[in-house]
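The values are calculated or read from the model by the stated rules, or taken from the named source; none is laboratory data. These numbers were taken from a predicted model, which means no experiment stands behind them. Cβ placement follows ideal geometry from the backbone for every residue including glycine, while neighbour counts extend to all protein chains displayed.
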Amino acid sequence: MVIVVSIEGAEVTPQRYSVRQHPPVPTDPGRPAYFLRVTLDDCPCGTGERYDVCCGRLHRGAAEAASAEELMRSRYAAYAVGELGYVWRTWHPRTRPESVEPDPTLRWTGLTVLDAGDDEVEFEAAYDRAGTPGRLHERSRFEQRRGRWVYVDGDLS
Ligand SMILES: [Zn+2]
């Protein structure tokens, strides 16, 4: 099934979604079942895992990133799916902006992790800005703060 998903008018396809009836078996046949569960199939961070068991569980607060690389991937995925509150929450209070605003002309299209150390991750992120493709290359620094990984800053090149 192909559906077009829009959030406040901004189209977020062509990510692939699964739509399942939820709950899968109606308990009362006399009552119409109209609950649908929409899940993003492939996590944008590129692990090949389903979004809800990969970065989705971090975005919804069901788990914490276990490493700097996992946090980096989940922050990229958060940008890609528009979970900008997560981007902000996982940014060190010392370096984070007052808010993270959406950029409707920008669509993130792929992530390649080039090198991952204990507290540094080098990556390349592909994007499409108003139809023009581009790449962002960054070496990011992370820190553990009260047991949680947070993004500190990065060098673009
Ligand atoms: Zn992921």
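Please work out if Ala77 is of a type in the set (A, V, I, L, M, F, W, C), more than 13 Å from the ligand (Cβ to nearest atom) and out of contact with any Lys or Arg (no Cβ under 9 Å at 6 or more places or on another chain). No; evaluated as a whole, the condition is false for this residue.
Say whether the condition of being closer than 19 Å to Asp153 by Cα and in the same structural domain as Ala130 (by TED's automatic domain parsing) is met by at least one residue in the range 104-112. Yes, the range 104-112 contains a residue that is closer than 19 Å to Asp153 by Cα and in the same structural domain as Ala130 (by TED's automatic domain parsing). Right, Thr47: assigned by TED's automatic domain parsing to the domain that holds Arg141 and at pLDDT below 95 or not? When the stated conditions are applied, Thr47 passes them. If you go through the range 56-87 and keep only what is within 16 Å of Val152 (Cβ to Cβ) and not in a helix (DSSP H, G or I), you end up with Ala65, Ser67.
For the range 48-91, a residue qualifies if it is of a type in the set (Val, Ile, Thr), farther than 19 Å from Arg139 by Cα and in contact (Cβ under 8 Å) with a residue 40 or more places away in the chain, and exactly one does: Val81.
Considering every residue within the range 91-101, establish whether at least one is of a type outside the set (S, T, N, Q) and within 12 Å of the chain's Cα centre (by Cα).
no
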